[in-house]
Amino acid sequence: MFNNGSKKSQTERALTSIIDSYDADVAIVRNNGCGVLAMNAAARARLDPDRYSLTDCKRGYSHLFPGLCSLCSQKSDAENELPPVDVEDENGRVFSVTRNTVEWVDGNPATAFILRDVDEERSAKQKMYKLAYIDQLTDIPNRVKLKEDFEAIEQSIDKGKLS
């Protein structure tokens, strides 16, 4: 059996290993005061330790993502899960932020932020949409798009949504 300090240390190492496995930025912060409890390698790599604090979200990570610390006050629970929110970094790249209230090793609540870069993904989706539905010569909707739109209108009429 482990003594209390050893068990807490092992738990922290296990949690660090888990959050390091994410292919996204992960930061776990204390709700009151925005103190950083843990950060994965991806999030730490984004911060320049000479310019930013690795332990204080307000003087560190939130400078890269303005408004991030204001999300700490919005608590979630099993019944009231908060939807993802988009934030931009200091370079204008779009990140989708998922946040959840978690119980930290010490038994107190904390907020886990998972920031996933969605800028390239959304750009690729827009390009695919344009290739599929917009005529390249005239830059207006093509017949595939018009056909789908008319089918959607017909379905709405059949369901009584339009008259």
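Below, the figures for the structure above:
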| quantity | calculated |
| --- | --- |
| Solvent accessible area, Å² - residue 119, 1.4 Å probe, full protein context | 50 Å² |
| Order by protection proxy (mean Cβ within 10 Å, highest first), peptides 111-118, 148-155 | 111-118, 148-155 |
| Area of residue 21 that stays accessible when all protein chains are in place (1.4 Å probe, Å², to 10) | 90 Å² |
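The values are calculated or read from the model by the stated rules, or taken from the named source; none is laboratory data. Computed from a prediction, not measured in an experiment: that's the story for all the values here. Here Cβ is always computed from backbone atoms with ideal geometry, including for glycine, and neighbour counts include all displayed protein chains. Accessible surface is based on the protein model in full, side chains and every heavy atom, while ligands, DNA and RNA are left aside. Shrake-Rupley method; radii C 1.70, N 1.55, O 1.52, S 1.80 Å.
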